[in-house]
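Beneath this line is the structure, given in structure tokens, with notes to follow.
The values are calculated or read from the model by the stated rules, or taken from the named source; none is laboratory data. As the structure is a computational prediction, the values presented were derived from the model and not from experiment. We place every Cβ from the backbone using ideal geometry, glycine too, and count neighbours over all the protein chains shown. Just the protein is used for accessible areas: all its heavy atoms, side chains included, with ligands, DNA and RNA removed. Shrake-Rupley method; radii C 1.70, N 1.55, O 1.52, S 1.80 Å.
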Amino acid sequence: MKSVKIYTTPWCGFCHRAKRVLEQNDVPFEEIDVDGDFEKRAWLKKTTGQRTVPQIFFDDDSIGGCTDLEALVRQGGLDARLGR
């Protein structure tokens, strides 16, 4: 199974929602708090083209944010995308 990383901030409602979706689908993940970390935020912007969090990665593949994750689950593609 691919490793999952989620870049978050503590005050972000979409971050909490995305973590809940991962937990409900038994997906282990590493949470990386980028609140106040300007270097990581700049890297996320350069890598994904997005300034917002959460940003979710399966291995090195950016899948987007919370609504992208929810759409993947709704469409039944989560397990295939994770390689499980």
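For this structure, a couple of remarks:
- Selection count, region 52-83, where residues are among the aliphatic types (A, V, I, L, M) and without any contact (Cβ under 8 Å) to a residue 40 or more places away in the chain: 4
- Taken together, the residues in region 47-69 that are in contact with a helix residue (DSSP H, G or I) (Cβ under 6 Å, 6 or more places away or on another chain), open to solvent by less than 80 Å² (accessible area, probe 1.4 Å) and either of a type in the set (Gly, Ala, Ser) or not in a strand (DSSP E or B) (or both) amount to 5.
- Candidates are the residues of region 32-82 that are within 18 Å of Pro10 (Cα to Cα) and basic (Lys, Arg); the one that is modelled with the lowest pLDDT is Arg51.
- The residue of region 1-46 that is nearest to Gly83 (Cα to Cα), among those that are of a type in the set (A, V, I, L, M, F, W, C), open to solvent by 80 Å² or more (accessible area, probe 1.4 Å) and in a loop (DSSP other than H, G, I, E, B), is Met1.
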